[in-house]
Each structure stands twice: as structure tokens, then as C-alpha cells.
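Values quoted throughout were computed directly from the atomic coordinates according to the rules given, and no laboratory measurement underlies them. The model shown is predicted, which means the values in this text are computed figures rather than measured ones. Using ideal geometry, Cβ is built from the backbone for each residue, glycine included, and neighbour counts are taken over all protein chains shown.
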């Protein structure tokens with residue numbers, strides 16, 4: 001495509017200049033508002049109260065979205081917003097994993113409040129350009145491109161003269177368009193979606209980063225909840241941020257020495273320990289594929305099983321030895337020692353509109369390998385990586401898509417749907433050709449692919465109402481909660497992880513709590529009280545990363561050698577102390593562990609009440625599909641009969657001898673469902689909520705979040 005010709009055809013719709021000033025201890029103390037319908041551009045001050053109550057990142061996004069919307073705002077209403085915010089720590093280069101941005105919006109999938117985290121350059125560059133958050137509202141009449149020029153300190157809105165739709169091409173085009181020269185490419189960060197985001201409820205957003213070794217644009221994804229669909233519904237083609245270069249202290253931190261010391265120590269741990277522990281630099285997050293299979297935790301055939309005879313074919317060693325390019329700094333933000341953003345270079349595509357093209361594919365990460373692999377019965381990395389590429393460039397969440405296709409395949413194999421309904425696609429588990437064609441159909445907005453793009457919740461409704469499907473069966477096997485598809489871990493044998501999925505504010509995503517090993521393998525939290533403590537501390541701790549602009553995996557994907565001697569080794573206390581030092585080093589404000597948890601509690605409870613304001617956020621919304629808790633079918637029970645029979649005898653206290661499998665399934669179900677209800681009681685009490693899951697007024701007072709607008713929402717429910 002002739003970029004210069006397109007540049008000449010591009011029309012400037014709005015230009016707005018602003019006065020730039022240096023960041024002060026992690027904050028610009030202002031946010032940027034853009035209404036793409038009216039082309040209004042303005043800045044808003046950030047008050048001290050907003051920083052105290054909401055901190056940054058997801059907290060800022062939630063506060064801005066609350067103020068911009070009403071309880072009745074729909075996801076596709078112009079007044080719905082997308083907010084992007086990196087947090088006060090976001091953008092430092094002295095401590096690993098500090099390049100994250102958090103996005104907040106009303107979700108097309110859940111109708112509740114969605115947040116999603118992402119790496120890449122845009123968030124930090126937006127911050128360096130002068131703003132703590134970007135607030136996007138309105139709906140443009142036609143596709144537009146927003147340019148945040150942090151060099152000349154202006155915002156420009158252009159029409160789209162015909163740039164590519166899909167992200168892997170669009171990122172290259174816009175980098176060429178807005179960079180002054182090849183050297184300036186590293187100073188460009190772009191947000192975009194893709195063709196499938198326009199035709200589905202599950203669209204995601206790509207954030208670019210410049211790979212200085214490969215000299216090319218690469219992508220990271222804000223995947224969950226359909227925010228990319230909101231982006232394209234607003235007719236935003238892309239957002240571009242440009243900076244004059246990343247220097248050592250653009251955050252103007254309070255104590256650089258404090259940050260540098262712990263950052264250097266952590267980088268040393270990565271250097272000395274990563275190869276002996278998780279090999280993040282060689283395998284990325286996919287290093288645990290084989291570990292999950294070994295522990296019966298790898299989702300297989302729509303979470304029916306936790307392993308498979310063919311699981312060794314997708315052992316993570318294959319990624320390290322065959323697919324990933326090694327010896328390259330694969331960090332999605334500058335200065336990150338983990339370097340886990342692995343890439344498969346010169347990957348030749350076999351299907352779709354780019355068939356025969358050689359591309360770089362970012363990943364697969366663990367969730368993608370499991371979701372697009374074992375969960376849909378595919379045990380071959382070539383089709384997994386191919387599907388990974390197309391999900392990315394089309395703008396589709398790989399976690400969501402994997403769970404959707406797995407649900408469809410189980411429905412197909414059980415006769416709920418057939419070839420007539422699928423338009424001729426034979427969607428059995430393991431059918432590579434059909435699964436890829438389904439994805440291409442979605443990108444084209446046609447066929448059964450478009451049905452798939454509505455998500456598991458909508459498909460359940462369709463299959464029940466139109467095709468007479470058994471509602472109980474579909475609700476049992478449809479792996480969604482609150483309308484969001486499950487991420488890729490089998491939670492059946494971990495009651496705590498069941499809560500870590502279904503009790504989340506946004507839906508079953510493992511970023512709040514990953515407690516499977518603590519609970520199932522190591523038996524560190526045996527009582528309901530223990531589990532409730534864990535389901536308080538870990539979601540609050542992990543929420544904190546999303547307030548600050550930090551990556552979660554840096555916390556525990558390398559462990560200090562002396563960690564086992566710590567009083568609470570599951571918290572990785574040395575790294576926790578590192579984060580407290582980084583926070584103080586940036587902001588100048590001392591923080592202890594209790595203060596960290598309190599920062600998160602304020603925002604977490606705010607999001608819960610935000611959902612309640614929209615008609616969600618109660619106990620009934622924390623219900624889980626039964627497959628998340630136990631065996632739905634006879635086949636499923638019998639695949640682990642020895643385990644389940646033993647549990648029936650030793651834990652439930654019923655002798656399974658002489659009972660039919662159907663009877664044993666029912667007994668197991670009754671017990672596990674009762675256990676989950678008891679867990680809800682314990683967790684709600686620990687979090688300071690009523691038995692219906694509503695934050696208590698006295699708890700809000702205790703944490704300093706008794707804002708009048710929150711009290712108004714929850715007072716009738718006390």
C-alpha cells in the first residue's frame with residue numbers, strides 16, 4: 001500500500017494543542033478526554049482525592065466510567081467509554097514489568113464493567129505525552145485515527161483514507177506514517193483491533209511495541225470482555241502515540257536509587273534462576289503447558305478432562321526448540337528482565353487471506369496454547385500458532401475463542417447442533433480445518449462464525465430456544481460466568497480456584513487469583529477460613545498491579561532461592577517488599593503490605609458496587625457452571641472413577657460400592673455444590689460483604705470508601 005498516497009488523502013478533522021509539563025512522581029495530574037462523535041478534546045484535572053481513593057490504572061478508569069455513564073448505559077451507546085490508564089509506576093524502566101496499561105469499559109459480553117490489562121508501548125507513551133488516562137467517548141460517523149503527538153504536544157483526529165483493517169498490517173502502516181524516519185519507529189505506540197472485532201461481541205485490542213532486534217512492529221493484546229468491539233463500534237480505526245524517546249527518569253520519581261537497587265536485584269534473579277525454574281526467556285508463559293497436563297489441569301475437550309494421551313505433542317520444549325527464536329530480548333516494555341514475549345519468526349500461514357505469507361506470531365502464551373490447542377482437541381503447534389496469529393490480527397481474544405470453540409465442539413458431538421446448522425462445518429474435537437474456517441468466517445462476518453462470535457452465553461440461549469437443546473446440559477457445560485468465557489485451567493479439584501474464577505468482578509479470569517497449587521497440590525489452605533483469607537488477599541494484591549501499571553507474572557514466575565525460609569512463602573515476600581520499595585521510590589509515599597491491600601480494597605469494592613448499580617454483582621451472579629466444579633457426564637466421571645470413588649468414600653462419607661455412575665455423579669454434585677455455597681459464605685464474610693455479596697456500609701467506612709454515591713446504591717440492599 002502506498003503510505004504517502006494515503007497520507008495525502010487523509011483529512012484532518014480536529015487539532016488541539018496543550019501545554020506539556022513534566023510528570024511529578026508518577027503523575028501528570030490530568031487526563032485526556034476525547035469525544036469521537038463531536039471531536040471535542042479537553043483535559044481534566046486529577047484531584048488528590050482521586051489519587052488517594054483510586055490510585056491510577058484500573059482505578060482511574062472505573063472512576064471516569066462511573067461519572068460518564070448511567071445504570072442504563074448499553075455497551076454500544078455513544079456515552080459508553082473506553083479508558084486507558086497505565087498507573088503511577090507505569091513507564092519506569094528500572095524494574096521489570098512496568099509497561100502495563102489497564103482498559104475499562106462496559107462489556108458487550110457481560111453488560112457489566114470490564115477491565116483488561118495489556119503490555120506494549122502505547123500506555124507509557126501516552127503518559128509521557130502528558131496524561132494519566134485517555135477517556136474515549138462518543139461514536140464517529142466514519143472510521144477515524146487519533147494521533148497523540150507527545151513531541152509537538154497536540155492531539156489530531158484524522159479520517160481513515162483506507163488503511164488496512166487487520167492489526168499486523170495496520171501497525172506497520174501507521175508506524176511508517178507517523179515516524180519521522182526508521183530510527184523514530186521505536187517512539188511509536190499504536191492501539192488497533194481487526195476485522196473480526198467488527199463482527200462479534202468478543203473483539204480485543206492490540207497494543208504495538210517496537211522490536212529493536214527484528215526491526216518490526218509486534219503486538220500485545222487487551223483480550224478480555226469485548227473492549228475491541230466497543231472500539232470498532234465507535235468507528236475508531238486506531239490510536240497512535242508518539243514520544244521523543246524513552247529516557248531514564250521520565251516519571252520524575254522521588255527516589256531513583258531505591259527503585260534501581262531492587263530492580264537490579266530482580267534482574268540478577270532472572271539471570272541466575274530463570275533457566276533453572278520456568279525458562280520464561282525461552283518459553284514464555286507457555287512453559288507450564290506440560291506442567292498443567294502432568295497435574296490434570298490442562299483443559300481438554302471443553303474442560304471435560306485435564307490431560308490427554310497426546311498432550312506430550314504440545315510440550316513446551318517444542319516451542320523452545322522448534323518455534324521460538326531464542327537469544328533475543330523479547331520484552332514488551334523497555335527494561336523488563338523477564339523477556340517473556342516470545343515470537344515465532346517466519347511462520348508460513350496455510351489458510352485464510354494471508355495464506356503463503358511468512359509472519360511473526362507473538363506467542364503462543366499458555367492460555368492460547370491450551371485454549372486453541374488441547375481444549376479443542378488439537379495437539380499440534382502449527383495450527384495452534386496459526387490460529388494464534390489470526391486471532392491477534394483479526395482482533396479476537398484467544399482465551400475467549402478457545403472456550404467458545406470447545407463449547408461448540410461438545411455441542412456438535414452431542415447432537416445439539418449439526419452440519420446443517422453449522423453450514424457444513426464438521427466441528428468435532430480436533431478438526432483443524434473446520435476450526436480455522438470458523439475463525440475466518442467470523443472475520444468475514446458470515447456463516448456460523450458470526451454465531452460463534454456472540455459467545456457462549458448467547459449461543460446457549462440460541463441453541464435452547466431455536467434448536468430445542470437441553471438447557472440444564474448446556475448450562476452445565478457452557479464455561480462462562482457473568483457472560484465471560486473461562487480462562488484455561490481446570491478448577492474441578494480446587495474449590496479455592498473455583499471461587500477465584502466465579503467470584504471475580506468481571507468474570508472467570510485467572511488474574512485475580514491462581515490458587516490451584518496452594519489448594520489442590522500443596523493443601524496449604526484446607527479450611528474454609530483459609531480459603532476465604534486467600535480469596536481476599538490474592539485478589540486484592542493482584543488488583544494492585546492493575547492500579548500501578550505493573551505485570552503480574554514478574555511477581556512470582558521466578559522465585560528467590562531462599563523463599564522457602566520466608567514466613568509466608570506463597571506471597572513471595574521479597575518481591576512484595578520490592579514492590580513496596582518501587583511504589584515509595586516513585587511516589588515518595590511509604591507503603592506497607594496493609595496499605596497496599598487497602599488501596600486495592602477501595603477500588604475492588606467500588607467495582608463491585610459499580611456492577612450492582614448496573615443490576616449485577618450479587619450472589620446469584622457468582623454462580624458457576626457445574627463443569628467448573630465437577631463431572632457433568634458419565635464419561636467424565638468414569639475417566640477419573642478411582643479418584644472420584646475414593647473421594648466419595650473418604651471425604652463425602654458414602655460408600656460408592658454398587659452404585660451406578662449416574663448415582664455417583666449426583667452424589668458428587670450435591671456435595672460439591674454445597675461446598676461452593678459454603679465458600680461463598682466464608683469469602684463474603686471475609687471481604688466485609690453481606691450474605692448476598694453486597695459490600696457492607698460499615699466496611700466501606702472502614703476502608704475509607706463510604707462515598708455518598710456508593711452508599712446510595714447499596715443502602716437498599718443492606
Could you please state, rounded to a whole Å, how far the C-alpha centre of segment 312-343 is from the C-alpha centre of segment 629-681?
-> 40
Here the averaged projected area of segment 577-655, based on the convex hull of its alpha-carbon atoms and given in nm², is 10.1
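Would you work out the Kirkwood radius for segment 436-548? I mean one over the mean of 1/r across all pairs of different Cα atoms, in Å.
Values: mean 1/r = 0.0623 Å⁻¹.
Result for segment 436-548 stands at 16.0 Å.
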Could you bin all the Cα-Cα distances of segment 366-473 into 10 Å bins starting at 0 and give me the percent of pairs in each, rounded to whole numbers?
-> 15, 53, 28, 4
Once the Cα atoms of segment 257-485 are picked out, what are the Rg and Dmax in Å?
-> 19.2, 66
By Cβ neighbour count within 10 Å, fewest first, 220, 186, 649 rank 649, 186, 220
Over the chain: helical MRE at 222 nm, DSSP H runs n ≥ 4 each giving -39500 (n - 2.57), nearest 500 | -11500 deg cm²/dmol
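Once you keep just the Cα pairs under 8 angstrom separated by 6 or more residues, what percentage relative contact order results for the chain? Let's see the in-between values first.
Working: 1574 pairs, mean separation 102.0, N = 718.
After rounding, I find 14 percent.
Would you mind computing the Rg to Rh ratio of segment 158-239 from its alpha-carbon coordinates, Kirkwood style for Rh? Numbers along the way, then the final one.
Numbers: Rg = 12.7 Å, Rh = 12.9 Å.
Radius of gyration over Kirkwood radius for segment 158-239 works out to 0.98.
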On each of the three principal axes the extent of the alpha-carbon atoms of segment 3-242, given in whole Å and largest first, is 46, 40, 32
Volume per residue (Å³) of the convex hull spanned by the alpha carbons of segment 461-525 is 84
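For segment 80-121, what D do you get in µm² per second when you plug the Kirkwood radius from alpha-carbon pairs into Stokes-Einstein at 37 °C and 0.692 mPa s?
Values: Rh = 11.3 Å.
Answer from the Stokes-Einstein relation: 290 µm²/s.
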When all Cα-Cα pair distances of segment 221-306 are considered, the percent exceeding 20 Å is 69
Report, in whole Å, the centroid distance computed from the Cα atoms of segment 551-579 and segment 471-526.
-> 23
Please provide three numbers in whole Å: the alpha-carbon extents of the chain along the principal axes, with the largest listed first.
-> 79, 58, 54
Residues of segment 112-146 with amide N under 20 Å of a point placed 7 Å along Cα→Cβ from residue 79 | 112-114, 135-141
Alpha-carbon Debye profile of segment 626-718, log10 I(q)/I(0) at 0.15, 0.20 Å⁻¹ = -0.66, -0.87
For segment 15-153, the spread of Cα positions along each principal axis, largest first, Å | 41, 31, 28
Contact order normalised by residue count of segment 327-460, Cα under 8 Å, 6+ apart, percent | 17
